[in-house]
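Asks: Take a look at this one; I'll ask things after.
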Amino acid sequence: MRIALLSRNAKLYSSKRLIEAAEVRGHEVVVLDVLRCYMNVTSHKPSMHYKGEQLDKFDAVIPRIGASVTMYGTAVLRQFEMMGVYPLNESVAISRSRDKLRSMQLLSRKGIGMPITGFANKPDDIEDMIKMVGGAPLVIKLLEGTQGIGVVLAETKSAATSVLEAFFGLNASVLVQEFIAEAGGADIRCFVVDGKVVAAMKRQAPDGEFRSNIHRGGSASLIKLTPEERSTAVRSAQTMGLNVCGVDILRSNHGSVVMEVNSSPGLQGIESATAKDIAGVVIECLERNVVKGNSKTRGKG
């Protein structure tokens, strides 16, 4: 196969591993900076151009699109889909998962466990929203935040009110969620490929921190999932319509709750913690599913 890898940095661990895994299996990989791609949107022969030249035909495309370029990145991916190139994850599914509110609403519709979550627009609604999610302590999240950035733990009602008033004053969109204290600063990253959990790791936040992201100093270790956690991860991926994703779960007193579904999960932490060739599993998924001109979003919405 000839594979396009949409990545702004070919030297990143995940990009390098995907290239290695594909080349070992005899495939050609071309790395494309998504922001340097530009499109000819026409009815009969849509095309993709890159750095002054029209790109040749690809069989498949692997999107590694950063959250900060989601809008343009998914537009480029849609163009590849229009050209009949098979996407590892489809543009609609990526857009859906990147919108924290929309993804929570879709998971809710499917009855998947989540923290109690509130969303409002006006400062007048703050007091009732805090009460709605069970009071302080609570977690406040910017809709656009990633890797733990824009996530605040408000330990008291007055602190929560001050933070929310500040965000609303900046016209920022925020979610308010119950704080799962019993998780102890740990979450579980389930790596789902083609409808199966192929690996899982526990991420533990460092002392004095509640965010377990490895980018923020969290540590990773091997963990055994319960049947409920495995089922929750698979159902979450199916709800988003993602072939490959990371599903972040917390263990709460009322069962497994999903924090986020990540459409571009990093490989370094999961491969280090599990000693598995996750990049190879991803490429094998691509090999099984490449059907030219037959992209079709699985999820709804």
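The values are calculated or read from the model by the stated rules, or taken from the named source; none is laboratory data. All values derive from a computational prediction rather than experimental measurement. Positions of Cβ are generated from backbone atoms using ideal geometry, with glycine treated the same way; all protein chains shown enter the neighbour counts.
Asks: Scan the range 254-269 residue by residue and report those that are over 19 Å from N9 (Cβ atoms) and either in a strand (DSSP E or B) or in contact with a Lys or Arg (Cβ under 8 Å, 6 or more places away or on another chain) (or both).
Replies: G255, S256, V257, V258, M259, E260, V261 - these are the residues of the range 254-269 that are over 19 Å from N9 (Cβ atoms) and either in a strand (DSSP E or B) or in contact with a Lys or Arg (Cβ under 8 Å, 6 or more places away or on another chain) (or both).
A quick yes/no check of all residues on (1) closer than 26 Å to E284 by Cβ; (2) of a type in the set (V, I, T):
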position	(1), (2)
V61	yes, yes
T70	no, yes
D128	no, no
A136	no, no
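Asks: Another question about this same structure. Restricting attention to the range 205-217, does a residue exist that is modelled with pLDDT of 90 or more and either part of a strand (DSSP E or B) or surrounded by 15 or more Cβ atoms within 10 Å (Cβ to Cβ) (or both)?
Replies: No, the range 205-217 contains no residue that is modelled with pLDDT of 90 or more and either part of a strand (DSSP E or B) or surrounded by 15 or more Cβ atoms within 10 Å (Cβ to Cβ) (or both).
Asks: Look through T117, T74 and report the one residue that is out of contact with any Cys (no Cβ under 9 Å at 6 or more places or on another chain), surrounded by 15 or more Cβ atoms within 10 Å (Cβ to Cβ), hydroxyl-bearing (S, T, Y) and farther than 27 Å from H254 by Cα.
Replies: T74 is the lone residue from the list that is out of contact with any Cys (no Cβ under 9 Å at 6 or more places or on another chain), surrounded by 15 or more Cβ atoms within 10 Å (Cβ to Cβ), hydroxyl-bearing (S, T, Y) and farther than 27 Å from H254 by Cα.
Asks: Answer yes if at least one residue in the range 55-72 is in a strand (DSSP E or B), in contact with a strand residue (DSSP E or B) (Cβ under 7 Å, 6 or more places away or on another chain) and over 20 Å from C245 (Cα atoms), and no otherwise.
Replies: Within the range 55-72, none of the residues are in a strand (DSSP E or B), in contact with a strand residue (DSSP E or B) (Cβ under 7 Å, 6 or more places away or on another chain) and over 20 Å from C245 (Cα atoms).
Asks: Let me ask something additional. Can we say T70 is more than 14 Å from R2 (Cα to Cα) and in contact (Cβ under 8 Å) with a residue 12 or more places away in the chain?
Replies: yes
Asks: What residue, among those in the range 1-36 that are in a strand (DSSP E or B) and in contact (Cβ under 8 Å) with a residue 40 or more places away in the chain, is surrounded by the most Cβ atoms within 10 Å (Cβ to Cβ)?
Replies: A4
To keep it simple, each residue is scored yes or no on (1) modelled with pLDDT of 90 or more; (2) in the same structural domain as G266 (by TED's automatic domain parsing); (3) part of a loop (DSSP other than H, G, I, E, B); (4) at positive phi.
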| site | (1), (2), (3), (4) |
| --- | --- |
| N89 | yes, no, yes, no |
| Q105 | yes, no, no, no |
| I112 | yes, no, yes, no |
| N121 | no, no, yes, no |
| D124 | no, no, no, no |
| G134 | yes, no, yes, yes |
| K141 | no, no, no, no |
| I149 | no, no, yes, no |
| V152 | no, no, no, no |
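Asks: May I pose another question? Residues in the range 230-252 that are part of a helix (DSSP H, G or I) and either touching a helix residue (DSSP H, G or I) at 6+ places or on another chain (Cβ under 6 Å) or closer than 15 Å to K110 by Cα (or both): how many?
Replies: Count: 10.
Asks: A further question on this structure: Kindly indicate which of V257, V234, V244 is under 13 Å from the mean Cα position of the chain (by Cα) and either in the same structural domain as G195 (by TED's automatic domain parsing) or modelled with pLDDT under 95 (or both).
Replies: Sole residue among the options that is under 13 Å from the mean Cα position of the chain (by Cα) and either in the same structural domain as G195 (by TED's automatic domain parsing) or modelled with pLDDT under 95 (or both): V244.
Asks: Something else: Quick one: G293 ticks every box in (1) surrounded by 15 or more Cβ atoms within 10 Å (Cβ to Cβ); (2) small (G, A, S); (3) at pLDDT below 85 bar one, so which box is it?
Replies: (1)
Asks: Condition check: buried (at least 20 other Cβ atoms within 10 Å of the Cβ), modelled with pLDDT of 90 or more and assigned to a loop (DSSP other than H, G, I, E, B). Does L286 satisfy that?
Replies: no
Asks: Evaluate the following for R251: is it under 22 Å from V176 (Cα atoms), at pLDDT 90 or above and more than 16 Å from the chain's Cα centre (by Cα)?
Replies: Judged against the criteria, R251 is a match.
Asks: Now, a different point. Can you tell me which residues in the range 120-179 are polar (S, T, N, Q), surrounded by 15 or more Cβ atoms within 10 Å (Cβ to Cβ) and more than 24 Å from V257 (Cβ to Cβ)?
Replies: The answer is T161, and nothing else.
Residues are listed down the side, and each one gets a yes or a no for (1) without any contact (Cβ under 8 Å) to a residue 60 or more places away in the chain; (2) not β-branched (V, I, T); (3) not in a strand (DSSP E or B):
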| residue | (1), (2), (3) |
| --- | --- |
| F168 | yes, yes, yes |
| Q177 | no, yes, no |
| I188 | no, no, no |
| V192 | yes, no, no |
| A199 | no, yes, no |
